[in-house]
Amino acid sequence: MLIKKSVIVLMALLLSACGYHLRGAFELPAGMKNIFLEGGSAPLQAQFKKAMELSSIPIAASAETAGIIIRIFDENSQRRVLSLAATGVANDFELDYRMEYEIVDAKDTLLMARQPLEIKREYYNDQLAIIAKESEETTIKNEMYLQAVRTIVNRAKVVINTKPK
């Protein structure tokens with residue numbers, strides 16, 4: 001029993017010593033510690049908040065209190081049929097998520113001009129598991145929103161790190 005507990009404690013220490021961190025967590029430069037997301041759909045806002053909380057990064061309550069502001073423009077989601085079965089039922093779908101964003105600092109100085117972002121996913125529509133497929137589509141959309149957040153934050157990190165001090 002003592003050996004088992006010792007092994008568990010040792011593994012925990014080794015994991016913490018090697019720089020292990022949760023998947024989805026961000027390490028941000030000091031200039032990005034107070035972010036505000038302006039605009040965007042409710043699912044995008046939710047994924048942004050979730051990613052920042054996971055990384056212990058404070059989210060500004062308003063643009064006025066933020067160190068960096070990410071502005072979202074022209075957000076659009078579409079679902080398109082890719083193929084049909086012989087019975088006329090859709091077999092494959094494509095989900096397309098598009099937006100544009102820009103990054104400004106607290107003084108409204110443009111740090112990065114508007115950039116397009118497009119994410120596409122395809123999935124098979126199994127007619128025998130229709131309820132599960134509806135849930136799968138929601139999961140895929142959430143992953144697309146999270147990928148958008150990660151892309152924006154990673155690009156913002158580059159902008160902040162290359163910004164003249």
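The values are calculated or read from the model by the stated rules, or taken from the named source; none is laboratory data. Just so it is clear, the model here is predicted, and its values are computed rather than measured. Neighbour counts are summed over all protein chains in view; Cβ atoms, including those assigned to glycine, are modelled from backbone coordinates with ideal geometry.
Odds and ends about this structure:
- Any hit, segment 89-112, residues being under 15 Å from Lys157 (Cα atoms), without any contact (Cβ under 8 Å) to a residue 24 or more places away in the chain and surrounded by fewer than 17 Cβ atoms within 10 Å (Cβ to Cβ): yes
- In segment 56-75, of all residues being more than 24 Å from Glu100 (Cβ to Cβ) and hydroxyl-bearing (Ser, Thr, Tyr), the one that is surrounded by the fewest Cβ atoms within 10 Å (Cβ to Cβ) corresponds to Ser56.
- The set of residues from segment 78-107 being more than 30 Å from Asn34 (Cα to Cα) and out of contact with any strand residue (DSSP E or B) (no Cβ under 8 Å at 6 or more places or on another chain) comprises Ala86, Thr87, Gly88, Val89.
- Matching residues in segment 108-147 - criterion: being in a helix (DSSP H, G or I), at pLDDT 85 or above, out of contact with any strand residue (DSSP E or B) (no Cβ under 8 Å at 6 or more places or on another chain) and among the β-branched types (Val, Ile, Thr): Thr138, Thr139
- Looking across segment 7-55, the residues that are modelled with pLDDT under 90, among the small types (Gly, Ala, Ser) and either surrounded by fewer than 16 Cβ atoms within 10 Å (Cβ to Cβ) or outside any helix (DSSP H, G or I) (or both) come down to Ala12, Ser16, Ala17, Gly19, Gly24, Ala25, Ala30, Ser55.
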